[in-house]
Amino acid sequence: MNFDLTEERQMLSDTLRRYLADKYDTKTRNEILTSEAGFSAEIWSQMADLGVIGALFTEDLGGFGGGGFDIAVVFEELGRAGVVEPFLDCAVLAGGLIDDLANAEQMEMVSGLIWGQVQLAFAHGEPQSRYDIADVQTQVATAGDEVALTGRKAVVVNAEAADQLVVSAKEGDGVSLFLVNPMANGVTVQGYPLISGGRAAEVTLENAPATRLGAAGAALPVIETMMARATVAQMAECLGAMSTAVDLTQDYLITRQQFGRPLATFQALQHRLADMLTELELARSALINAAGHLEADPMERDRQISAAKSLFGRVGRLIAEESIQMHGGIAMTQEYELAHIAKRIVMADHRFGDEDWHLERFIALSAA
Amino acid sequence: MDLSYSDADLAFRDEVRAFLAENLDPAMSEKVRLGKDLTKADMEDWHAKLNARGWLAQNWPKEFGGAEWSATQRNIFETEAYRANAPRIVPFGLAMLGPVLQKFGNKAQQDHWLPRILSGADWWCQGYSEPGAGSDLASLKTRAVRDGDHYIVNGQKTWTTLGQHANMIFCLVRTDPDVKQQEGISFLLIDMDTPGVEVRPIILLDGCHEVNEVWFTDVRVPVENLVGEENKGWTYAKYLLTHERTNIAGVGASGAALDAVRRVARAVTDNGKPLAQNPHFMARVARVEMELMALSTFNLRMIAAAGAGGAPGLEASMLKVKGSVIRQEINDLARRAIGPYALPFASEAMEGSNSPIPDPFDVGDVTGSHFNNRKISIFGGSNEVQRNIIAKTALGARR
């Protein structure tokens, strides 16, 4: 056993942390939050230059990583700084799917992505599907070589900025993937901001022209693999955000004086801080379990991921709520860093299955 | 013991229902249901309707123009009002300052200020907390120095709820810095149009402008605006806080919020079935509901005791802690229920905005309310302060 990061990963982690500490303070981030685009093109391009996106892909694709712990290292730092730029949706999900399924011509998009020149989004969830990965109702119509899609995709993160959408649709008994140009006729993208930052859209497809990505009806296992990777990325991000929440709370307890002494001297608060610190280490360990099983067989992989993600739902709620409560009113204000961080933590429970959804999947996979 | 309502109570409940059916504008009710921000005019309009019926000042004695309702009647109104999605009554003048003036104010103050609270001529806000005085309220520093017929006030208040609408603020100020903290505080009424008063907005984490900072720079306040005696303000403040706490269990609000969760759970599809058939989710709902049923009776027991002349003490603190935790648990259920649709940011979806925020389950700003309601375990004496009161009172009685 060895729980140390490799030298390359440690360097990436350190570089990224220094860059974000320097360039991504609360004020900068809050300006990005309220901007029309919902993300900073400048930050995106600088982070691509630092290798943030490249670290998510394997070497044969021009990347220099792509493993579970590469993902975890990158996203923990993004989470620590409350980064809202859509690296997860653009690179891990949409980029990962293209990387896995594309023909030679489509592969060009991946190198564009790695160098920050291409924006992508994965349009998969639908209004009725909630967290069910296999529930896809979007329809495919084929006429000769022409393919057209009809359906509605819900809460598609980064859809407005995307040059191409990766869209799932039902085909026979299976699920297929397609590339759709969001500017094409028949595509409506209705965007809105997200409470934890960034933007998403409801995407409506009415006979929208599409290009096939991979084989017909065979995409579900690939989608599940990318969802597993995305869930690891998101837990790592949540772990970083939780570390920040606990750090801020410790600083505040030491600094804030009430009743003539620092809050940190009250034992009732000390014990609650001790619980937060303990749960944080438990969450870090659960993430290591999940990241270490990304290459395992799909059932064991998903059982490990569900165990971790359900735990993250519970611990995330505890840490977000306790950090706010132990601060008091100041943490309720938009200009204080914790407000955004707490929203990131709680909203992490609303992607790729929440605490209860993963509890149920864990039970089912453990019984199988 | 008798858990049922009397015939008179039932008749009163029907009267309340009829009033709500007749007076509550459906558009207003819809705004409340969806958690949208009410305008100042919305709130004034609702106050005026209640006042026309003599139901605005529900706990005031009749001699001051109040309804003088029993604890049971107040509870019936609260339950029915939440069920109908009526706006809540803004408490600062009616529930907080009114009782203080009635008990500690002089005749001139009562004659002048109380009718203006009822008519809506004044909108009051509360100047208690300061940046350095939150849970430790008695450490407040805003200074008032006597200068002839005036006090000169300097300092800063914070978390001033709806202060942007107010023309008057009741403040705790330090009039004697050289004695024990609690013994140098006075209760002062300040006209916010006086030169030197400045209101600055605080934007909360859900994007709403609900609270403010209020700054005082050499503000001249006439001495007749001192309530009661100089340096006795802490006594009045504590009296006010017990009134602030009597309704703090929030049983009506929690009941309405839980009804909404159940309705959403029927509309949401989860793995091919209604979420209302998911045993894990419904177990969460059931646990909260069972606690709320008990809290409701706990609340009735306490208001019955208060109605019989008992002062609300540690039970009020217990209700505040438990009531806030239950309410927050229900908010948590609501955000869980809507799944990925918890992510869109509905703050811009206020009146007059055309932002197309998807709301497929017709529940309004669930996530915003979830984050906003983290405040209820912080304000009015945080849950930590309430626990101190409970333990101190209980242990003190045994020493």
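Every number here is computed from the coordinates shown, using simple stated rules; none is lab data. Nothing here was measured: the structure is a model prediction, and the numbers come from that model. When we count neighbours, we look across all protein chains shown, and the Cβ atoms used for this are built from the backbone with ideal geometry, even at glycine.
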- Query: What is the list of residues in region A:348-368 whose amide nitrogen lies under 15 Å from a point 7 angstrom out from the Cα of A:Asp297, following Cα to Cβ?
  - Reply: A:365-368
- Message: Taking the Cα centroid of region B:126-184 and of region A:90-168, what is the distance between the two, rounded to the nearest whole Å?
- Response: 58
- Message: Over region B:127-222, what is the relative contact order in percent, taking alpha-carbon pairs closer than 8 angstrom and at least six residues apart?
- Response: 31
- Item | Interchain or long-range residues, amide H under 5 Å from A:Gln334's placed H | B:Ile203, B:Leu204, B:Leu205
- Residue span B:Arg146 to B:Ala304: 0.36 nm per residue of separation minus Cα-Cα distance leaves a gain in nm of 52.6 nm
- Query: So how much slack lies between A:Ala268 and A:Thr15, counting 0.36 nm per residue of separation and subtracting their Cα-Cα distance, in nm?
  - Reply: 87.3 nm
- Query: For region A:49-173, what is the percent of antiparallel DSSP beta bridges, rounded to the nearest 5?
  - Reply: 50
- Item | About the Cα centre, charge dipole magnitude for region A:224-368 (Lys/Arg +1, Asp/Glu -1 at Cβ), debye | 260
- Message: Considering only C-alpha atoms, what is the centroid distance from region A:49-89 to region A:238-292, in Å?
- Response: 26
- Note on the structure: If unit charges are put on Cβ atoms (+1 for Lys and Arg, -1 for Asp and Glu) and the dipole of the protein assembly as shown is taken about its Cα centre, the option from A:Ser176, A:Ala342, B:Pro358 lying farthest towards the positive end turns out to be A:Ala342
- Item | Backbone HN-Hα couplings from phi across region B:160-168 [Karplus 6.51/-1.76/1.60, Hz, Gly and Pro as x] | 7, 5, 6, x, 5, 9, 7, 10, 9
- Task: Name the long-range amide H neighbours of A:Glu171: under 5 Å, sequence gap of 5 or more, or other chain; modelled H, no Pro or chain starts.
- Result: A:Ser176
- Item | Among A:Ser323, A:Leu269, A:Gln304 - extreme Cα towards positive end, dipole of region A:210-368, charges at beta-carbon | A:Ser323
- Counting only residues 5 or more apart in sequence or on a different chain, those whose built amide H sits under 5 Å from that of B:His150 are B:Val223
- Structure-based [θ]222 nm, chain A - -39500 (n - 2.57) summed over DSSP H runs of at least 4, per residue, nearest 500: -16000 deg cm²/dmol
- Contour minus end-to-end for B:Tyr5 and B:Arg399, with contour as 0.36 nm per residue of separation and end-to-end as the Cα-Cα distance? 137.8 nm
- Applying the Karplus parametrisation 6.51 cos²θ - 1.76 cosθ + 1.60 with θ = phi - 60° to the phi angles of region B:94-109, what ³J(HN,Hα) value in whole Hz is obtained for each residue in order, glycine and proline being reported as x? 6, 8, 9, 5, x, x, 5, 5, 5, 8, 10, x, 8, 4, 4, 5
- Using alpha-carbon pairs under 8 Å, 6+ residues apart, how would you state the relative contact order of region A:257-346 in percent? 22
- Among B:Phe371, B:His209, B:Phe187, flag the residue with its Cα farthest along the positive direction of the charge dipole of the protein assembly as shown, charges on Cβ as +1 for Lys/Arg and -1 for Asp/Glu. B:Phe187
- Query: Looking at chain A, do any whole DSSP H helices span at least 30 angstrom along their long axis by alpha carbon and average 1.0 or above on Kyte-Doolittle, and which?
  - Reply: none
- Per-residue mean of C-beta atoms belonging to partner chains within 10 Å, peptide B:201-207: 6
- Using alpha-carbon pairs under 8 Å, 6+ residues apart, how would you state the relative contact order of region A:56-162 in percent? 23
- Just tell me which lysines come within less than 25 Å, Cα to Cα, of B:Lys273; anything on the same chain fewer than 8 places away is out. A:Lys153, A:Lys170, A:Lys309
- Task: Report the label-to-label distance for B:Met282 and A:Ala215 in nanometres (one decimal), using points 7 Å from each Cα along the Cα→Cβ vector.
- Result: 4.2
- Query: So which chymotrypsin sites (Phe, Trp or Tyr not before Pro) in region B:196-270 are both in a DSSP loop and have at most 14 other Cβ atoms within 10 Å of their Cβ?
  - Reply: none
- Modelled label-to-label distance, A:Ser45 and B:Ala27, 7 Å Cα→beta-carbon offset: nm? 4.8
- Using R₀ = 22 Å, calculate the FRET efficiency as 1/(1 + (r/R₀)^6) where r is the Cβ-Cβ separation of A:Asp100 and A:Lys23; round to 0.05. 0.10
- So, with +1 on the Cβ of K and R and -1 on the Cβ of D and E, and no other charges, what is the size of the charge dipole of chain B about its Cα centre, to the nearest 20 debye? 1340
- Query: Once the Cβ-Cβ distance between A:Arg152 and B:Ala48 is put in as r, and R0 is 60 Å, what FRET efficiency do you end up with, to the nearest 0.05?
  - Reply: 0.85
- Message: Just to be sure I understand the model, the point goes 7 Å from the Cα along the line to the Cβ. What's the resulting B:Val325 to A:Asp275 distance in nm?
- Response: 0.9
- Task: Would you compute, from DSSP H runs of 4+ residues alone, the mean residue ellipticity of chain B at 222 nm, taking -39500 (n - 2.57) per run and dividing by the full residue count, rounded to the nearest 500?
- Result: -14500 deg cm²/dmol
- Message: Taking the Cα centre as origin and putting +1 on Lys and Arg beta-carbons and -1 on Asp and Glu beta-carbons, what dipole magnitude results for region A:65-184, to the nearest 20 debye?
- Response: 340
- Message: If neighbour count is taken as other Cβ atoms inside 10 Å, put A:Phe57, B:Phe64, B:Phe170, A:Phe259 in order from fewest to most.
- Response: A:Phe259, B:Phe64, A:Phe57, B:Phe170
- Item | Hz values of 3J(HN,Hα) by residue in region A:115-126 - Karplus curve (6.51, -1.76, 1.60), Gly and Pro given as x | 8, x, 9, 10, 10, 9, 8, 10, 9, 10, x, 10
